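The values are calculated or read from the model by the stated rules, or taken from the named source; none is laboratory data. What you are looking at is a predicted structure, and each value in this text was computed from that prediction instead of being measured. Cβ coordinates were reconstructed from backbone atoms using ideal geometry, including for glycine residues, and neighbour counts include every protein chain displayed. For the accessible areas, the whole protein counts, side chains as well, though only heavy atoms, and no ligand, DNA or RNA atoms are used. Shrake-Rupley method; radii C 1.70, N 1.55, O 1.52, S 1.80 Å.
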Amino acid sequence: MTAAVPLPRLALARPAQHPLADTARKAGWEPVPYAFTSLKITSNPPPMPFEAVSAFVALSPAGAKVAAPALPGGMVCLLQGAGTADALGREDLEIHLPAEARAEALWSLLQTRYPGGGDFILARGERSREFLEVVARGTDWRIHPWVTHREVAQDPFPALPEVEGVLALSPLQAEILAPIAHAVQRFAWGEATAQAFARAGAPAHAYCEPKPGLLWAMLAQHLNKEESPC
């Protein structure tokens with residue numbers, strides 16, 4: 001009887017049962033949880049009173065979780081996806097989600113619900129890609145960013161497990177992984193993360209836009225490719 005060939009192992013900063021870990025598993029990789037960063041809450045106050053804006057906007061569960069205690073009851077919340085809505089943990093808020101869990105779709109929702117423009121508080125991380133701020137610049141939709149959290153390296157820092165690949169989910173993760181992942185395949189979640197790998201001297205072997213389906217395609221395509229010399 002032929003022995004089963006072990007799956008290549010992929011380190012990523014998500015729990016074993018996280019949807020992205022499931023995606024990696026379906027693509028033929030064994031996901032290895034590797035918690036080498038954490039989120040640190042900032043002490044920044046909201047940029048303006050919630051009563052003075054049309055809606056609260058959040059791109060990630062982290063931003064929503066930090067902001068949740070401060071939101072007044074009945075506040076209109078435009079959120080990027082269901083996970084972000086779950087992170088609010090509030091039943092007294094008016095929540096709206098775009099058709100797709102993407103910042104671009106959230107921008108379309110914002111324009112549709114508020115065709116005349118308005119002021120909006122946006123909770124985001126310190127190094128987010130600032131898509132909404134950029135696309136709304138000079139328009140009637142005035143985005144007021146509220147930096148609620150930032151990603152930091154764990155201290156003490158955990159050693160990289162024995163894996164055949166790593167998946168960076170943010171530019172900071174790419175910068176941290178670059179010097180320790182030269183001997184394995186390096187994958188990036190988003191173009192900005194791929195650019196961070198390149199700046200750190202260890203270009204990504206592949207990157208995908210932040211969609212689970214595209215992640216599956218990327219990982220499946222590179223399943224049996226060997227590491228090229230660096």
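With a 1.4 Å probe and all protein chains left in place, how much of the accessible area of the chain comes from carbon and sulfur atoms, in whole percent? Of the solvent-accessible surface of the chain, carbon and sulfur hold 55 percent. Here the calculated FRET efficiency for HIS182 and ALA153, from their Cβ-Cβ distance with R0 = 22 Å, stands at 0.75, rounded to the nearest 0.05. On a per residue basis, the chain carries 51 Å² of accessible surface, using protein heavy atoms and a 1.4 Å probe. Simple point charges give the picture: +1 on the Cβ of Lys and Arg, -1 on the Cβ of Asp and Glu, and for the range 1-132 a dipole about the Cα centre of about 520 debye.
For the chain, what does -39500 (n - 2.57) per DSSP helix run (n ≥ 4), summed and divided by total residues, give at 222 nm, in deg cm²/dmol to the nearest 500?
Value at 222 nm, helices only: -7500 deg cm²/dmol.
Were the residues from ARG142 through ALA16 laid out at 0.36 nm apart, the gain over their Cα-Cα distance would be 41.5 nm.
Positive end of the dipole of the chain (Cβ unit charges, origin at the Cα centre): among MET75, GLY138, ALA217, the Cα lying farthest that way belongs to ALA217. Placing +1 on the Cβ of every Lys and Arg and -1 on the Cβ of every Asp and Glu, with nothing else charged, gives the range 100-147 a dipole about its Cα centre of roughly 60 debye. So what is the relative contact order of the range 123-230, in percent, for Cα pairs below 8 Å that sit 6 or more residues apart? Relative contact order here is 18 percent.
Around the Cα centre of the chain, unit charges on the Cβ atoms of Lys, Arg, Asp and Glu (plus for the first two, minus for the last two) sum to a dipole of about 160 debye. Calculated on the alpha-carbon coordinates, the convex hull of the chain measures out at 140 cubic angstrom per residue. Across the chain, how many lysine pairs, 8 or more positions apart or on different chains, have C-alpha atoms separated by under 24 Å? Please give the number. The result is 5. Can you classify the range 161-230 as rounded, prolate or oblate using the Cα gyration tensor, where a ≥ b ≥ c are the square roots of its eigenvalues, rounded means a/c under 1.5, and otherwise it's prolate if a/b beats b/c and oblate if not? Note, shape of the range 161-230 comes out oblate.
By the Stokes-Einstein formula, at 1.002 mPa s and 20 °C, the range 97-140 with its Kirkwood radius over alpha-carbon pairs has D equal to 191 µm²/s.
Please work out whether the range 1-71 counts as rounded, prolate or oblate from its C-alpha gyration tensor, where a ≥ b ≥ c are the square roots of the eigenvalues and a/c under 1.5 means rounded, while otherwise a/b larger than b/c means prolate and anything else oblate?
Prolate.
Protection proxy ranking of 211-220, 179-188, by the mean of other Cβ atoms within 10 Å over each peptide's residues and highest first, is 179-188, 211-220.
If a/c stays under 1.5 just call it rounded; otherwise compare a/b with b/c (prolate if a/b is bigger, oblate if not). Do that for the range 24-114, with a ≥ b ≥ c from the square roots of the Cα gyration tensor eigenvalues.
oblate
Counting only protein chain heavy atoms and rolling a 1.4 Å probe, the accessible areas of PHE157, PHE131 rank, largest first, as PHE157, PHE131.
For the range 2-158, the relative contact order works out to 25 percent when only alpha carbon pairs closer than 8 Å and six or more residues apart are counted. Helix 103-113 sits at what angle to the longest principal axis of the chain, using alpha carbons and giving 0 to 90 degrees rounded to 10? With both axes taken from Cα atoms, the answer is about 20 degrees. Taking 8 Å as the Cα distance limit and 6 or more residues as the minimum spacing, I'd like the relative contact order of the range 55-124 as a percentage. Relative CO of the range 55-124 lands at 40 percent.
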